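Scroll down for the structure; my scribbles are underneath it.
Just so you know, all these numbers are worked out from the coordinates, no wet-lab data involved. The shown structure was predicted, so the numbers you read here are calculated from the model rather than taken from an experiment. All Cβ positions, glycine included, derive from the backbone under ideal geometry; neighbour counts span all protein chains shown.
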């Protein structure tokens, strides 16, 4: 009985003496997290994609440790999450409307880009949207309206010169087509201040202009949802 009492007293003394280790362990954990944040920040400064992930992670850490979360920072993280998912939502919308073959969609850290060929949107040499074009653009606009981001519309043509018609050059035609798309996006409810357009003519081909197939790919409209910095 005496032995057990002494042993219990000894364990109590040892436990009391080891309480500093709990505080020390917590301190080391916080220091490790702090230096990991600094390290992540140093890497993210040179890479936009990593910067986005860093900010999202920082918001989660602040929540986990009961810190005060920057409301503006949290809103940016929310918008970025929506930006990352918008491409998939548009793809799904196109599939639901049996239009997936008419639109090429890709996404990177800077933008979500939609590519539509001339055959989908316009008659040869013209800038007026076809009825089918409006059907294709409508579900796309419904998804784009859900975000506050700017939208850039770019017009492109092939290298074949224009000999007759309303437009004297491919450059004029590309700009007119971009403007036609912008006008239609506005009629569907997109805020005008979010929209911008530019015409590149035949200066930025994506395929070989020496073949009919290549020229068809070069005659296109690109609609880009610009992601936040």
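The residues 156, 163, when put in order of fewest to most other Cβ atoms within 10 Å, stand as 163, 156. How many percent of the alpha carbon pairs in the stretch 84-226 exceed a separation of 26 Å? So the pairs more than 26 Å apart make up 19 percent of the total in the stretch 84-226. Take the Cα coordinates of the stretch 124-163, assign each an equal point scatterer, and use the Debye formula without solvent to give log10 I(q)/I(0) at q = 0.35 Å⁻¹. After summing over all Cα pairs, the log10 values are -1.18. With neighbour counts taken as other beta-carbon atoms within 10 Å, the residues 132, 177 rank, fewest first, as 132, 177. Counting only Cα atoms, the size of the stretch 119-193 along its three principal axes is 42, 24, 17 Å, in decreasing order.
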